[in-house]
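Written out below as structure tokens is the structure these notes cover.
The values are calculated or read from the model by the stated rules, or taken from the named source; none is laboratory data. Every value quoted in this text rests on a predicted model; they were computed, and no experiment measured them. With ideal geometry, Cβ positions are generated from the backbone for all residues, glycine too; neighbour counts draw on all protein chains shown.
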């Protein structure tokens with residue numbers, strides 16, 4: 001079946017450095033992707049999305065890159081802060097006419113002081 | 001998350017018992033979803049609902065029952081709990097299935113342990 005997968009289960013980054021979290025997907029028909037952040041004891045929270053007709057999208061301190069050739073997404077967090085500590089996962093929302101939302105397993109970001 | 005409330009936050013139950021997890025949203029979202037989250041797996045859809053009195057199975061529905069008599073409530077019942085149902089359960093809601101730009105709104109989860 002279709003899937004999204006993250007490359008590393010855990011990523012440790014020094015406070016102030018940039019973080020890069022990677023994700024691979026399998027469905028060539030996917031037309032947009034979402035990144036979620038999940039803090040300990042909380043539900044996932046939307047961070048940013050990117051449509052398949054874009055290569056890059058920027059938000060506040062976050063940038064998503066999409067490489068459709070190799071079916072790869074990355075989430076870059078600039079100047080990582082302690083509040084960024086969480087599990088991040090990419091998600092492949094349902095295609096039209098379906099309810100199947102494919103979530104990755106997540107990368108735990110640890111911010112070191 | 002503000003607007004979607006799950007209860008209880010933690011529950012321990014015995015094998016074979018019936019247990020109901022509650023979900024209440026104040027957004028008037030049409031769609032509501034129940035997911036379970038386990039180590040090594042992404043969120044997996046148990047059941048979803050497109051509107052009051054309209055529900056359907058997701059990927060892993062066995063052993064679960066849902067109802068939606070009111071738009072704002074979407075309870076999930078484990079008819080006879082098994083240890084394999086030990087998990088963290090998340091309720092989510094959305095105006096549409098395909099959101100674009102904002103994703104689903106998730107509750108804070110219920111951690112269920114079946115002993």
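Summary table
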{"item": "Filter result for residue B:20 (surrounded by fewer than 22 Cβ atoms within 10 Å (Cβ to Cβ) and away from chain A (no Cβ under 14 Å))", "result": "yes"}
{"item": "Any chance residue A:34 is touching a residue at least 40 places away in the same chain (Cβ under 8 Å) and assigned to a strand (DSSP E or B)", "result": "yes"}
{"item": "Any hit, segment B:71-84, residues being more than 13 Å from the chain's Cα centre (by Cα), within 13 Å of another protein chain (Cβ to nearest Cβ) and outside any loop (DSSP other than H, G, I, E, B)", "result": "no"}
{"item": "Unmet requirement for residue A:46, which otherwise passes all of (1) touching a strand residue (DSSP E or B) at 6+ places or on another chain (Cβ under 8 Å); (2) more than 30 Å from residue B:54 (Cα to Cα); (3) modelled with pLDDT under 95", "result": "(2)"}
{"item": "So residue A:109, is it modelled with pLDDT of 95 or more, in contact with a helix residue (DSSP H, G or I) (Cβ under 9 Å, 6 or more places away or on another chain) and over 17 Å from residue B:90 (Cα atoms)", "result": "yes"}
{"item": "All positions within segment B:38-69 that are assigned to a strand (DSSP E or B) and within 16 Å of residue A:3 (Cβ to Cβ)", "result": "B:44, B:45"}
{"item": "Failed criterion for residue A:78 (all others in (1) away from chain B (no Cβ under 13 Å); (2) modelled with pLDDT under 95; (3) surrounded by fewer than 16 Cβ atoms within 10 Å (Cβ to Cβ) hold)", "result": "(2)"}
{"item": "Some residue of segment A:73-84 being assigned to a strand (DSSP E or B) and more than 14 Å from the chain's Cα centre (by Cα)", "result": "no"}
{"item": "Selection from segment B:95-115 of residues that are more than 10 Å from chain A (Cβ to nearest Cβ) and assigned to a strand (DSSP E or B)", "result": "B:110, B:112, B:113, B:114"}
